[in-house]
Amino acid sequence: MKLQTQALCWQSAAAYIVRDVSLHVAEGELVGLIGPNGSGKSTLLRMIYRVLQPTSGGVTADGHDIWRLSARDNARRMAVLAQEDGSEFGFSAREVVLMGRTPHKTPFERDSEADLALVDQALRRVGATHLADRTFATLSGGEKQRVLIARALTQQAGLLVLDEPTNHLDVRYQFEIMNLIRSLGTSAIAALHELHIAAHYCDRLYLLQAGQIVAHGTPAQVLTAETIAAAYRVRAHVHLHPHSGKPRIDFLPDDPL
Amino acid sequence: MSASSFVAASPPSLFLAQRQRMTLLLTSLSGLLLLSLTFSITMGPVDISPAAVWQITLHKLGALVGLDIMRGDWTTAQYNIVWLIRLPRVLLAALVGAGLAVVGVTMQAMVRNPLADPYLLGVSSGASVGAVCVLAYGALGFAGGYALSLGAFAGALAACVAVYLLAHSSGRLLAPRLILGGVAIGYCLSGVTSLITLTAGQRELANAVLTWILGSLAGTQWSDLGLPAVALIAGTLWLALQARALNALLSGDDTASTLGVDTTRVRRSLFLVVSLLTGVMVAVSGAIGFVGLMIPHITRMLVGCEHGRVLPVSMLIGAIFLIWVDVLARISFAPAEVPVGIFTALLGGPFFVWLLYRQRLPAGMGQ
């Protein structure tokens, strides 16, 4: 699944929150969206996953304008892990995963054995079979993310949109979740907070600052000492890992800019 | 490998076990409903045996299709009490209880707040204003016997629309504003109802309206049952088709939307169905509070949040509940009768306090 945005803008009464953002995700690519807090990452993603209508510009998924698709058709193309997921109600993990079938069912259809098999399969895939009958709200952050990834899998969409999937997770679970996402091989775009995660896992990055893309390319091209200093206002030393060639960042908080 | 062989190969699913449990639960609740209907009819100033209840009912039903069956040794007085007085009333209690429970379930999902019920969102108050206008001014005279229902529906819908518009901001529905707006509009409309009642200059009206505001099933006739029955069946069937959408809505608007639910359209139609059901129920029974609040909670404790299960179970529990509360209203201060709404309030208030005390705002309030 290919995703493309064209000159996306979102404007509040006072100012542009997102301005002129054109980006793309190629088949099978994991694309990272980085930038300081308030740079417009979430707003941009909400326009991509068809919840926020852009002031101008457009989003296409495999060439289809997403706003000309119904919510249902769109949901069969992209699955979303949003930051706030309100599944605070007493649903079991299995019920949450089964919700991934929503866009595939008509009101008159019952859940079929095939649906339930997909749910079991997805839970196995993310290693959450043992969580199936637990109440979703009582799971830990990492467990919740795994269950939501399972939901995305049962949605059988070609594109994953992730808003800070590693937020509030311990380091170990950050890697676990990112490894899992990487291993799916689905095209994906993820807003990411931690630069070392973005550097290690993403094929390409877009750096967003004040609603605009200020740098894009491979992690090595985007994550330089200069761009980090300009966007995050922190001095850093960046070197490329001798084996992987991926950038590693040492922050130097004691050094003045 | 086909899907079914895949399932056969996997360990027996708890999910399927859950389905069997569900069937069992629905069967036992239906049985309980039948027992409740029977025994609640036997209770009252005149004792009537359960057997007589069924003999009279089956005899009458048989007569309707031209059969002469179950000719027992009951008296005409017993026949009149069962067929003309108690049976329609008990059936209406069941219909209204079921309807209010279903409305409560739906509203709680719509606004993602376990405190929502037709009372809280001003819908009942709107229905009351509409109905009181009909009683006091003879409004909607063209609708004949349905004027009261039509007035209540119009009032409920108007209140719903007002609350909806208040809560709408830049294309999004804000749940906190929905609740606060509902409370505000509810108070205004209660004021309007009282004003109309006191200034209409009809002494009997004040009494009629008072009983009715408190919620009462007294004096139910067979002709009162048709509209609520049709509305309940049609409304609940439609809601059952929306079960997946309701589940998704409970997880939040963005999530629902990314799961393929057209949230704006679904919510709009839910508003319409909720207004219709509330209007029809309020028109026949007055404003009976707390049923729409308590029954969904009790149901979720039993079967979780999934609406495919919550809707039918809450309907049955609501029906059983209101049948018995109405029995209390009939017999506890006999020969005087207390409006049933007073008893639902007396039970509902402490129920909620108990929930708070247990620190367990069930399935819905988060932690």
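Quick check on my filter: what residues within segment A:99-121 are in a helix (DSSP H, G or I), farther than 23 Å from A:ASN74 by Cβ and not small (Gly, Ala, Ser)? Full working, then the answer.
Let us first name the residues in segment A:99-121 that are in a helix (DSSP H, G or I), namely A:99-104, A:113-121.
Pick out the ones that are also farther than 23 Å from A:ASN74 by Cβ and you get A:113, A:116-117, A:120-121.
If the condition is that a residue be in a helix (DSSP H, G or I), farther than 23 Å from A:ASN74 by Cβ and not small (Gly, Ala, Ser), then A:GLU113, A:LEU116, A:ASP120, A:GLN121 are the ones that fit.
Scanning segment A:201-227 for residues that are in contact with a His (Cβ under 9 Å, 6 or more places away or on another chain) and either touching a residue at least 60 places away in the same chain (Cβ under 8 Å) or under 22 Å from A:ARG182 (Cβ atoms) (or both) yields A:ARG204, A:LEU205, A:TYR206, A:LEU207, A:PRO219, A:VAL222. Taking every residue in segment B:225-253 that is within 14 Å of chain A (Cβ to nearest Cβ) and over 26 Å from B:ALA152 (Cβ atoms) and pairing it with any residue that is part of a helix (DSSP H, G or I) and not aliphatic (A, V, I, L, M), at least 6 positions away or on another chain, the pairs with Cβ-Cβ distances below 6 Å are B:ALA243/B:HIS307; B:ALA243/B:GLY308; B:ARG244/A:THR102; B:ASN247/B:HIS307; B:ALA248/A:THR102; B:ASP253/B:THR263.
In segment A:158-180, is there at least one residue being of a type in the set (S, T, N, Q), more than 30 Å from B:ARG244 (Cβ to Cβ) and buried (at least 18 other Cβ atoms within 10 Å of the Cβ)? Yes, some residue in segment A:158-180 is of a type in the set (S, T, N, Q), more than 30 Å from B:ARG244 (Cβ to Cβ) and buried (at least 18 other Cβ atoms within 10 Å of the Cβ). Residues in segment A:1-32 that are touching a Cys at 6+ places or on another chain (Cβ under 7 Å) and at pLDDT below 90: A:TYR16 only. Of the helices (runs of 4 or more DSSP H) contained entirely in segment A:187-257, those carrying at least 2 residues that are closer than 30 Å to A:ALA157 by Cα fall at A:195-201, A:219-222. The residue that is farthest from the chain's Cα centre (by Cα), counting only those in segment A:158-186 that are among the hydrophobic types (A, V, I, L, M, F, W, C) and assigned to a helix (DSSP H, G or I), is A:VAL171.
Inspect all residues belonging to segment B:71-85 and state whether any of them is of a type in the set (D, E, K, R) and assigned to a helix (DSSP H, G or I). No, segment B:71-85 has no match at all.
Which of the following residues is buried (at least 23 other Cβ atoms within 10 Å of the Cβ), within 30 Å of A:ARG134 (Cβ to Cβ) and modelled with pLDDT of 85 or more: B:VAL310, B:VAL340?
Values: B:VAL340 fails: within 30 Å of A:ARG134 (Cβ to Cβ).
Residue meeting the stated conditions: B:VAL310.
Here is a yes/no grid of residues against (1) at pLDDT below 80; (2) surrounded by fewer than 16 Cβ atoms within 10 Å (Cβ to Cβ); (3) hydroxyl-bearing (Ser, Thr, Tyr); (4) part of a helix (DSSP H, G or I):
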position: B:PRO114; (1), (2), (3), (4): yes, no, no, no
position: B:LEU121; (1), (2), (3), (4): yes, no, no, no
position: B:SER124; (1), (2), (3), (4): no, no, yes, yes
position: B:VAL132; (1), (2), (3), (4): no, no, no, yes
position: B:GLY151; (1), (2), (3), (4): no, no, no, yes
position: B:GLY155; (1), (2), (3), (4): no, no, no, yes
position: B:TYR187; (1), (2), (3), (4): no, yes, yes, yes
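Would you be able to say whether some residue in segment A:188-198 is within 23 Å of A:ARG76 (Cα to Cα), within 12 Å of chain B (Cβ to nearest Cβ) and not acidic (Asp, Glu)? Checking segment A:188-198: not a single residue is within 23 Å of A:ARG76 (Cα to Cα), within 12 Å of chain B (Cβ to nearest Cβ) and not acidic (Asp, Glu). Only residues that are over 26 Å from A:ALA210 (Cα atoms) and within 12 Å of chain B (Cβ to nearest Cβ) were counted in segment A:41-76, giving 8.
Yes or no: A:SER92 of a type in the set (Ser, Thr, Tyr), surrounded by fewer than 19 Cβ atoms within 10 Å (Cβ to Cβ) and within 30 Å of B:LEU115 (Cα to Cα)? In short, no. Taking the conditions (1) more than 25 Å from B:GLY219 (Cβ to Cβ); (2) away from chain A (no Cβ under 14 Å); (3) modelled with pLDDT of 85 or more in turn, B:ARG265 satisfies each one other than (2).
The set of residues from segment A:105-118 being more than 8 Å from every other protein chain (Cβ to nearest Cβ) and buried (at least 17 other Cβ atoms within 10 Å of the Cβ) comprises A:ASP115, A:LEU118. Just one of the listed residues (B:THR106, B:THR211, B:THR197, B:THR193) is part of a helix (DSSP H, G or I), away from chain A (no Cβ under 14 Å), under 27 Å from B:THR299 (Cα atoms) and among the polar types (S, T, N, Q), namely B:THR106. Condition check: in a loop (DSSP other than H, G, I, E, B), more than 8 Å from every other protein chain (Cβ to nearest Cβ), over 16 Å from the mean Cα position of the chain (by Cα) and more than 20 Å from B:THR264 (Cα to Cα). Does A:ASP133 satisfy that? So A:ASP133 fails the test. Go through the residues of segment B:129-138 one by one and say whether even a single one is of a type in the set (A, V, I, L, M) and over 24 Å from the mean Cα position of the chain (by Cα). Among the residues of segment B:129-138, at least one is of a type in the set (A, V, I, L, M) and over 24 Å from the mean Cα position of the chain (by Cα), which makes the answer yes. Looking only at residues of segment B:17-48 that are of a type in the set (Gly, Ala, Ser) and modelled with pLDDT under 90, we find that the one that is surrounded by the fewest Cβ atoms within 10 Å (Cβ to Cβ) is B:ALA17.
Within the bounds of segment A:21-41, is there any residue that is part of a loop (DSSP other than H, G, I, E, B) and among the hydrophobic types (A, V, I, L, M, F, W, C)?
Of the residues in segment A:21-41, the ones part of a loop (DSSP other than H, G, I, E, B) are A:26-29, A:35-40.
Checking the rest, the ones that are also among the hydrophobic types (A, V, I, L, M, F, W, C) come to A:26.
Within segment A:21-41, one or more residues are part of a loop (DSSP other than H, G, I, E, B) and among the hydrophobic types (A, V, I, L, M, F, W, C).
Per the listing A:ILE66, A:ILE48, the residue uniquely free of Cβ contacts under 8 Å to residues at least 40 places away in the same chain, farther than 21 Å from B:GLN242 by Cα and touching a strand residue (DSSP E or B) at 6+ places or on another chain (Cβ under 6 Å) is A:ILE66. So for segment B:274-282 (the condition being surrounded by 20 or more Cβ atoms within 10 Å (Cβ to Cβ), facing chain A (nearest Cβ under 10 Å) and either without any contact (Cβ under 8 Å) to a residue 24 or more places away in the chain or not acidic (Asp, Glu) (or both)), does at least one residue qualify? There is no residue in segment B:274-282 that is surrounded by 20 or more Cβ atoms within 10 Å (Cβ to Cβ), facing chain A (nearest Cβ under 10 Å) and either without any contact (Cβ under 8 Å) to a residue 24 or more places away in the chain or not acidic (Asp, Glu) (or both). Would you confirm whether any residue within segment A:73-84 is assigned to a loop (DSSP other than H, G, I, E, B), on the phi > 0 side of the Ramachandran plot, in contact (Cβ under 8 Å) with a residue 40 or more places away in the chain and crowded, with 17+ Cβ neighbours inside 10 Å? Checking segment A:73-84: not a single residue is assigned to a loop (DSSP other than H, G, I, E, B), on the phi > 0 side of the Ramachandran plot, in contact (Cβ under 8 Å) with a residue 40 or more places away in the chain and crowded, with 17+ Cβ neighbours inside 10 Å. Looking only at residues of segment B:215-224 that are out of contact with any Pro (no Cβ under 6 Å at 6 or more places or on another chain) and of a type in the set (A, V, I, L, M, F, W, C), we find that the one that is surrounded by the fewest Cβ atoms within 10 Å (Cβ to Cβ) is B:ALA218.
The values are calculated or read from the model by the stated rules, or taken from the named source; none is laboratory data. A quick note: this is a predicted structure, and the numbers were derived from the prediction, not measured. Don't worry about glycine lacking a Cβ; one is built from the backbone with ideal geometry, like all the others, and counts go over all protein chains shown.
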